[in-house]
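Written below as structure tokens is the structure these notes are about.
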Amino acid sequence: MVYEIGSFIRDLRIERGYSQEELCYGICSTGNLSKIENGVRMPSRKTIEALMQRLGCEDVFLQFSSREEMHQEQLCEEIVMRLSAKDFDGLEAPLKEFEASISEGDILNSQYCRFTKAMINQAKGVSREEVIRELEEALKMTKPGYRKEEFNLNGLLTYNEIVILINIANTYAKKDNEKAIEILSGLKQYMDTHILDGQERIKKYQVIIFNLSDIMVDEKRYDEAIELCDLGIEDSKVNNRLRLFPYFLANKGFALLGKGEEQRAQEQLKKAYHMWDAMDNEKECQRLIQYSKEKWNLIDLL
């Protein structure tokens, strides 16, 4: 089993032209990667998961786990579910149990724990600067060369690193849109030029495009916002993943309003409204109407 996993990683790494240093940077030493590739060392589940994510591969070998790793996976699933639902109060108990299960030197689980704490602190109203600092410190656990002053995306990324970078950009947004655009544009370029597992790419690519389009509207870069929204709309339809579809429609409508094209804008905004209405999302319907009136002076949306 170990030899098969190691061989797979080695063959895929060579096929995609990555050095050992590029692949394992921040995850494990090159010596340990060599032992994994040669079937000498039994890696942890998280290490294999991170290496294969950087290779852009599905988790095809992650059927094996110790009892402790299986329990950690269950806790991670609960944490992800509560994060998605913004149930920050309910997060604290599973996060505390998860943190207690992390062994010394387990960088990957420690990174995820630190990221989750930053999200909880953000929900509690901790300052933007402190949340950014916490997120950047979490990222540096596997990307020690990360520098916000000279931002670059050299090297390969795990899914967790991508999520942390998205949240760093979102936290910068409004106060420092230029920095947020720099990070999100870098992530979009990474997605455009690297192989990623299909489902993970779809989920994260759409989030990146939407957040970038949102900032472009705020910055009055309307043509760029429309181009991003069109990309997101097409991506949503092709992949039958429609959660962000009405948000792309709404952002395109706002960008068209910014260009003075009110009729086309209303068409997009009405589509967004009716999609949210069909999904019984009254909150977004009312938010769209209110924002259209207050920000764009659009009295008769429907």
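Laid out as a table, the results:
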| item | result |
| --- | --- |
| Within the range 253-302, tally of residues that are over 22 Å from Glu224 (Cβ atoms), under 30 Å from the mean Cα position of the chain (by Cα) and not aliphatic (A, V, I, L, M) | 14 |
| Qualifying residue in the range 252-259 (condition: within 30 Å of Gln199 (Cα to Cα) and either aromatic (Phe, Trp, Tyr) or open to solvent by 50 Å² or more (accessible area, probe 1.4 Å) (or both)) | yes |
| In the range 1-37, the residues that are hydrophobic (A, V, I, L, M, F, W, C) and open to solvent by 50 Å² or more (accessible area, probe 1.4 Å) | Met1, Phe8, Ile14 |
| Where a residue in the range 181-207 is more than 13 Å from Leu157 (Cα to Cα) and its partner, wherever it lies, is aromatic (Phe, Trp, Tyr), with Cβ under 7 Å and at least six apart | Glu182/Phe151; Ile183/Phe151 |
| Failed item, numbered, when Leu212 is tested on (1) open to solvent by less than 40 Å² (accessible area, probe 1.4 Å); (2) closer than 17 Å to Glu267 by Cα | (2) |
| Exclusive hit being under 30 Å from Glu182 (Cα atoms) and among the basic types (Lys, Arg), set Lys252, Lys293 | Lys252 |
| Residue list for the range 197-218, restricted to those being at pLDDT below 95 and over 29 Å from Met52 (Cβ atoms) | none |
| Subset of the range 258-302 (residues that are more than 20 Å from Leu244 (Cα to Cα) and hydrophobic (A, V, I, L, M, F, W, C)) | Trp296, Leu298, Ile299, Leu301, Leu302 |
| Count of the range 273-297 residues which are out of contact with any Leu (no Cβ under 8 Å at 6 or more places or on another chain) and aliphatic (A, V, I, L, M) | 2 |
| Matching helices (runs of 4 or more DSSP H) fully within the range 74-164 where at least 1 residues are open to solvent by 30 Å² or more (accessible area, probe 1.4 Å) and in contact (Cβ under 8 Å) with a residue 60 or more places away in the chain | 107-123 |
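Yes/no per residue for (1) closer than 22 Å to Leu51 by Cα; (2) at pLDDT below 95; (3) open to solvent by 30 Å² or more (accessible area, probe 1.4 Å):
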site: Ala180; (1), (2), (3): no, no, no
site: Tyr190; (1), (2), (3): yes, yes, no
site: Ile195; (1), (2), (3): yes, yes, yes
site: Lys220; (1), (2), (3): no, no, yes
site: Glu224; (1), (2), (3): no, no, yes
site: Arg241; (1), (2), (3): no, yes, yes
site: Pro246; (1), (2), (3): no, no, no
site: Leu249; (1), (2), (3): no, no, no
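The values are calculated or read from the model by the stated rules, or taken from the named source; none is laboratory data. What you are looking at is a predicted structure, and each value in this text was computed from that prediction instead of being measured. Please note: Cβ atoms are built from the backbone with ideal geometry, for glycine as well, and neighbour counts cover all protein chains shown. Quick note on the areas: whole protein, heavy atoms, side chains included, nothing else; ligands and nucleic acids left out. Shrake-Rupley method; radii C 1.70, N 1.55, O 1.52, S 1.80 Å.
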